[in-house]
Amino acid sequence: SNNEQEILIAQSAIASCLDVLGRCNDALVLKREVYARLVATLGVSHEHTITIGNNVASSLGQLELYDEARLFVRDQLLPVAQQSVGPIHELTLTLLEILAQTLRTNPEHTRDDLLEAEAIMQDVAQRRRQVFGPTHPNTVRAADMLSRVRRDLARR
């Protein structure tokens, strides 16, 4: 119903405020609730559901829940996003960046994790260049992320 959608939008806004206030665990709880309701009401492949899934994944990474973030993005969100919104959609590219960042920042990462993160970011940087051009902030951010992954690889 419209009422439920409005409530979910408000809850998402509250979760963002909780993040800003540093109450990231509380924000994650709320984001998970909103995601579950969106899956139940709109379905897993709806753009709003994927957007909130993106927010959940981002929070998992920020809270250093690396394995959960990696599995959630790789196994649940990415396949759905690639099929429903497509491989060059902003949501899909952002999910790929979250996956690469999760692989890179996990203190227990392996060289294979870094190689996977590099391959992901090479792909994302190329797609962003094609879609947005070389000077767009998202393209620049992706190129910067790729450089950081390569720096990490060079240190190993």
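The values are calculated or read from the model by the stated rules, or taken from the named source; none is laboratory data. Computed from a predicted structure; not experimentally measured. Cβ placement follows ideal geometry from the backbone for every residue including glycine, while neighbour counts extend to all protein chains displayed. Accessible surface is based on the protein model in full, side chains and every heavy atom, while ligands, DNA and RNA are left aside. Shrake-Rupley method; radii C 1.70, N 1.55, O 1.52, S 1.80 Å.
Observations on the model:
- Qualifying residue in region 12-25 (condition: under 22 Å from Thr105 (Cα atoms) and in contact with a helix residue (DSSP H, G or I) (Cβ under 7 Å, 6 or more places away or on another chain)): yes
- Set Arg129, Arg104: member being farther than 21 Å from Val34 by Cβ, part of a helix (DSSP H, G or I), open to solvent by 40 Å² or more (accessible area, probe 1.4 Å) and in contact with a Lys or Arg (Cβ under 8 Å, 6 or more places away or on another chain): Arg104
- For Glu97, the stated conditions do not hold, so it cannot be described as within 15 Å of the chain's Cα centre (by Cα), surrounded by fewer than 16 Cβ atoms within 10 Å (Cβ to Cβ) and either in a helix (DSSP H, G or I) or among the hydroxyl-bearing types (Ser, Thr, Tyr) (or both).
- If you check Thr135, Thr139 for being out of contact with any Ser or Thr (no Cβ under 8 Å at 6 or more places or on another chain) and open to solvent by 80 Å² or more (accessible area, probe 1.4 Å), only one passes: Thr135.
- Selected residue (criterion: farthest from Ile50 (Cα to Cα)) from residues of region 74-88 that are open to solvent by less than 50 Å² (accessible area, probe 1.4 Å) and out of contact with any His (no Cβ under 8 Å at 6 or more places or on another chain): Gly86
- Residues being assigned to a loop (DSSP other than H, G, I, E, B), of a type outside the set (A, V, I, L, M, F, W, C) and touching a residue at least 12 places away in the same chain (Cβ under 8 Å) - total across region 10-63: 2
- Only residues that are hydroxyl-bearing (Ser, Thr, Tyr) and without any contact (Cβ under 8 Å) to a residue 40 or more places away in the chain were counted across region 64-92, and they come to 2.
- Remark: Leu153 matches the filter, which requires a residue to be in contact (Cβ under 8 Å) with a residue 12 or more places away in the chain, open to solvent by less than 40 Å² (accessible area, probe 1.4 Å) and more than 23 Å from Ile50 (Cα to Cα).
- Within region 33-50, the set of residues being within 18 Å of the chain's Cα centre (by Cα) and either over 16 Å from Asn2 (Cα atoms) or open to solvent by 60 Å² or more (accessible area, probe 1.4 Å) (or both) comprises Glu33, Tyr35, Ala36, Val44, Ser45, His46, Glu47, His48, Ile50.
- Filter result for Thr92 (among the polar types (S, T, N, Q), part of a helix (DSSP H, G or I) and surrounded by 20 or more Cβ atoms within 10 Å (Cβ to Cβ)): yes
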